[in-house]
Each structure stands twice: as structure tokens, then as C-alpha cells.
Amino acid sequence: MIRQPKPEERKQIIPLIHTIMEDMELPILKEVSPSTLHTILEEAMLHKDFRYSLTNTLVYIEDGTVAGAIFGYHGHLEERIDDPFYQLYETYNIPSSIRLYEDSETQAGEWYIDILSVHENHRRKGIGMKLLQAVEELAKQQGASVIALNCEEINDKAYKLYQKLGYTATSTKVLSGHSYYHMTKNLELLR
């Protein structure tokens, strides 16, 4: 079943976010302990304007637990999407110079898929594809005409999946020192 998460499911979602952050080798991971980072994420997820808010998230539930999650938002919101997270820094004694993400990932005019993550015990079941299809419906409901994501250039398996689902590489980006294809899909053709 795919749906928006319940507040009590945040602890199951955060490890999925953390896995992607580790894959991206985000600098914040060297500055903030995992337990503190998880605590701040859990609190910020309750704020509707946060990158990983419950309203920006769809989860795949299998056997009563979160097997995967996908997060997305309108690209024009990116500049302020982490403000609810940063507002918690003082409480946890984190210097304001530490950024959650240091590089711009999207742009205005796109509805951006920030993270797609499936728990390692639930991979190769088609959950990622189902979440991608469901989030396209969410993006359309929110008035999006173009949906976008970034795929690390060395991740051939994901790249092929995105191509199969109609995404096209339109540019490249360097995020935390890694090269990514910026891929887009026109949702207007699907209406």
C-alpha cells in the first residue's frame, strides 16, 4: 500500500533518508552525530514546509512497516525548503554554517523528486517503480507539468529504470562531489 506516512512512522523513514545522505557523502554527516541528525530530522518532518515533511512524502507499506519512501516538492521552494530544519540548530548547538545540502538540486518550474529509497530487505520487488508512479500522480495533483530527479552517473540500474519510466537526461550536476544526470519527464503528456 502507498500512502502518506503517519507521524509515528518517522523513525522508520529516517534510516531511508540517512542511507541516501551516506551515498551522497554529505558533509553534514561529518559535523553532526547520527543520533542528533535523526532527532532533528524527526522533529522537522512535522513541519509542512520541510524538504522531508510528512506532506512531501509517500511511503510503501509492507507487512505493517515502511518498506520504502519517496520525497518531492516544487523546485521553486528549494531555497527555503530546509528552513524548518535550520530553525532547530540552536536547540542542538549546531553552527548555522552547517548546511543539510550544499548544492542546488533542482530549479523553478519542476516538481522535484528529492529522494527515492527502498529498505534493503525489500529491494527487487518493484517498490521503487510503484513509488515513482505514485509520486507522479501527487505531482500532477499539485499542478506540476514537469517532474525531475537526479541520478548518479555511475548508477546504471537506476538510470535505466528512470528511462523506462519516461525520464530523459537534460543536464548534469555535481552534488557533494558526485556527478549526476538531471532527468526530467513531461507530465503534460500524461494528462
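Every number in this text was worked out from the coordinates using simple rules, so none of it is lab data. Everything quoted here is computed from the prediction, not taken from an experiment. Virtual Cβ from ideal backbone geometry, glycine too; neighbours counted across all protein chains shown.
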Largest first and to the nearest Å, give the Cα extent of the chain along each principal axis.
47, 38, 31
Note to self: C-alpha centroids of region 32-62 and region 127-181 sit apart, in Å, by 21
Only Lys, Arg (+1) and Asp, Glu (-1) charged, at Cβ; the chain dipole about Cα centre in debye:
760
By the mean-Cβ-within-10 Å protection proxy, highest first, 31-38, 176-183 rank as 176-183, 31-38
Grab the alpha carbons of region 116-191, take their convex hull, and tell me the volume per residue in Å³.
105
Place the peptides 95-105, 50-60, 117-127, 138-148 in order of packing, highest mean first, counting for every residue the other Cβ atoms within 10 Å and averaging per peptide.
50-60, 138-148, 117-127, 95-105
For region 53-68, what does the Karplus curve 6.51 cos²θ - 1.76 cosθ + 1.60, with θ = phi - 60°, yield as ³J(HN,Hα) per residue in whole Hz, taken in order and with x for Gly and Pro?
4, 4, 6, 9, 10, 10, 10, 9, 9, 9, 6, x, 10, 6, 9, x
Would you please give the FRET efficiency between residue 49 and residue 178, computed as 1/(1 + (r/R0)^6) with r the Cβ-Cβ distance and R0 = 25 Å, to the nearest 0.05?
0.40
Furthest towards positive pole of dipole, 163, 175, 86, structure part the chain, Cβ charges:
163
With contacts defined as alpha carbon pairs under 8 Å and 6 or more residues apart, what's the relative contact order of the chain in percent?
21
Cβ under 12 Å from residue 133's Cβ, residue 133 left aside: what net charge do those residues give with Lys, Arg +1 and Asp, Glu -1?
+2
